[in-house]
Every structure is written in structure tokens, then in C-alpha cells.
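Novice: Would you mind keeping the following structure in view while I ask a few things?
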Amino acid sequence: MNKNLFLSICLCTIGSVSFAQVPTLTATNVAPSVHDTFITVVAEESLVTTAGPTGASAYWDFSGLVTKAIADSVSVGYVTWAADAPGWVSGSGATHAIVTPAPPVSNFYIVSSSKLSQTGLYKSISDFAAYTDPVDVLQFPFTYGGTFTDAYAGVIGFMGTTATEAGTIQTTADGWGTLVLPPAPPSTTNRTYTGTLRVFSYQLFRDSANIFGTPIVQTDTIRTYT
């Protein structure tokens, strides 16, 4: 099975940081910090037909995206210490958690000056991911043309079924330039970000589970643009 995941391209900076030229991501301007807050706007995925160009001084115009039904299109989240988040597991190594209260989801991370790694995800006792070998989301410093490959492994749960998972993720900064996004409700004005670095990740992984006594092995891929 091949799964292509296009996330809404977002600005990989926090606060008032801006870049006059080629942006460089570091733990200081990108990594989550306790008390950061964010808004997620969910758009209609059928309208994302291309990720847009690669390269320098690129222009990504997603102003035509349409949000989904108001009931599920906007969510507000925050960053907290890992131990204060729902689903935290002692010994996981996580230092921070990004939490979306409704519906409740906790994403756990190890934040350091050299990289940002995901250690797990928690939605419920039957819907979760716990990585014994964390997934490197970013390695610092990271700029246009940079690339790295990371292997990871862990256990996932979905609808009462538990499986082991192992894979690799290859991450490349494949473009930088100007990003245009539609308004974030209640605003009616498009948002334009200059000095945006786009990060492309290709994830290849294998899930192994025993379902009613039958071993099941499935290989998947996920492509993500951030």
C-alpha cells in the first residue's frame, strides 16, 4: 500500500523570526518551547494536487484552499512539558509535548540543540505510538539542500490492535521562498510568509501484527511536506 500525505505547508519558524535570505532552521527558531501555542486549520485535501516547485526563491500559493466544515476545521494547541501531557510514559525520554485538546492528541518529542525527535503519540490507550528508537523530525542546523536519513522503531496501537513498526525517514530541505496561505478564521486576509524553508520527508516503514493468530506484515510509505 502506498500512502501519500500532503500536510499544509507551514512556516517552519516560531515567534517573530524572519529570514532575509536562505533560511536556516535551528533549535532556537524552530524547536517547540513550553507555552508556545498554535492554530491548525484543516483544508480540503482534494484541492492539494501538487506540492509546488522545488529550488531557490520558489513561490507556493495555497490561497485557494478551502477549509473543511467549521466543526472540525480549526483546532488550538499548545506546548507543555512531556510529564504534564496526557499519555506521557516515564522513561520515554520525551522532554516536550505538543497537545491538541479537542480531539485530544499528545505528540511527544525530545528537544535538543542538535535535533528534534518524536518519541510517540497518544490519543487513547488503544490508539498510540511509542518509539524505542525515536524518529528524527529535524536535525540542526538545517538549510536549503540539507538532507539526512534516520532509522526508527517502536510499537503502535490502532483500534485495539498492537503492532511493531520499523522504518527509515529521509528528510531534505528541497526549496525556499514565499508561501501564501488562506485566512485563518476569523480573519479574512491571506497570510504571506517570506523566507520559508520547505522540508520534504519520505518515510518507508513496515508494520507487523498478529491478528486472530494470523501474522500480518504491511509496508507503507508516507510523503510529507512541511
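The values are calculated or read from the model by the stated rules, or taken from the named source; none is laboratory data. None of these values were measured; they are calculated from a predicted model. Glycine also receives a Cβ, built like all others from the backbone with ideal geometry; neighbour counts cover every protein chain displayed. Just so you know, the surface numbers come from the protein's heavy atoms only, side chains and all, with ligands and any DNA or RNA stripped out. Shrake-Rupley method; radii C 1.70, N 1.55, O 1.52, S 1.80 Å.
Novice: Out of (1) in contact with an Asp or Glu (Cβ under 7 Å, 6 or more places away or on another chain); (2) at pLDDT below 95, the odd one out for Ser75 is which?
Specialist: Only one criterion is unmet by Ser75, namely (1).
Novice: Something else: Among (1) within 30 Å of Ala153 (Cβ to Cβ); (2) open to solvent by 30 Å² or more (accessible area, probe 1.4 Å); (3) in contact (Cβ under 8 Å) with a residue 24 or more places away in the chain; (4) not charged (D, E, K, R), there is one condition Asn210 misses while meeting the rest; what is its number?
Specialist: All conditions pass for Asn210, except number (3).
Novice: Can you tell me which condition Phe19 does not meet? The list is (1) at pLDDT 90 or above; (2) of a type outside the set (A, V, I, L, M); (3) more than 16 Å from the chain's Cα centre (by Cα), and all the others hold.
Specialist: The single condition Phe19 does not satisfy is (1).
Novice: Using beta carbons and a limit of 6 Å, which pairs, at least six apart or on different chains, have the first residue in region 110-127 and open to solvent by less than 40 Å² (accessible area, probe 1.4 Å) and the second one outside any strand (DSSP E or B) and β-branched (Val, Ile, Thr)?
Specialist: Val111/Thr95
Novice: Can you name the number of the only condition in (1) within 24 Å of Asp174 (Cβ to Cβ); (2) in a strand (DSSP E or B); (3) among the hydrophobic types (A, V, I, L, M, F, W, C) that Leu65 fails?
Specialist: Against the list (1) within 24 Å of Asp174 (Cβ to Cβ); (2) in a strand (DSSP E or B); (3) among the hydrophobic types (A, V, I, L, M, F, W, C), Leu65 comes up short only on (2).
Novice: Could I ask something else about it? Quick check on this structure: which one of Gly52, Gly64, Gly77 is farther than 22 Å from Ile98 by Cα and surrounded by 16 or more Cβ atoms within 10 Å (Cβ to Cβ)? Full working, then the answer.
Specialist: Numbers: Gly64 fails: surrounded by 16 or more Cβ atoms within 10 Å (Cβ to Cβ); Gly77 fails: farther than 22 Å from Ile98 by Cα.
Just one listed residue meets the conditions, Gly52.
Novice: Read through the list (1) open to solvent by less than 50 Å² (accessible area, probe 1.4 Å); (2) more than 30 Å from Ala58 (Cβ to Cβ), then give the number of the only condition that Asp136 fails.
Specialist: Here Asp136 meets the rest and fails (2).
Novice: For Thr162, indicate whether it is more than 17 Å from Ile222 (Cβ to Cβ) and part of a strand (DSSP E or B).
Specialist: Details: more than 17 Å from Ile222 (Cβ to Cβ): yes; part of a strand (DSSP E or B): yes.
It is true that Thr162 is more than 17 Å from Ile222 (Cβ to Cβ) and part of a strand (DSSP E or B).
Novice: Looking at region 171-179, is at least one residue open to solvent by less than 50 Å² (accessible area, probe 1.4 Å) and either out of contact with any strand residue (DSSP E or B) (no Cβ under 8 Å at 6 or more places or on another chain) or within 24 Å of Phe128 (Cβ to Cβ) (or both)? Walk me through it before giving the result.
Specialist: We begin by selecting, within region 171-179, every residue open to solvent by less than 50 Å² (accessible area, probe 1.4 Å); these are 171-179.
Next, only the ones that are either out of contact with any strand residue (DSSP E or B) (no Cβ under 8 Å at 6 or more places or on another chain) or within 24 Å of Phe128 (Cβ to Cβ) (or both) stay: 171.
The answer is yes, given that some residue of region 171-179 is open to solvent by less than 50 Å² (accessible area, probe 1.4 Å) and either out of contact with any strand residue (DSSP E or B) (no Cβ under 8 Å at 6 or more places or on another chain) or within 24 Å of Phe128 (Cβ to Cβ) (or both).
Conditions tested, residue by residue: (1) surrounded by 15 or more Cβ atoms within 10 Å (Cβ to Cβ); (2) within 18 Å of the chain's Cα centre (by Cα); (3) farther than 28 Å from Val76 by Cα; (4) β-branched (Val, Ile, Thr).
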position: Asn107; (1), (2), (3), (4): yes, yes, no, no
position: Thr132; (1), (2), (3), (4): no, no, yes, yes
position: Thr147; (1), (2), (3), (4): no, yes, yes, yes
position: Asp150; (1), (2), (3), (4): yes, yes, yes, no
position: Ala163; (1), (2), (3), (4): yes, no, yes, no
position: Pro183; (1), (2), (3), (4): no, no, no, no
position: Thr192; (1), (2), (3), (4): no, no, no, yes
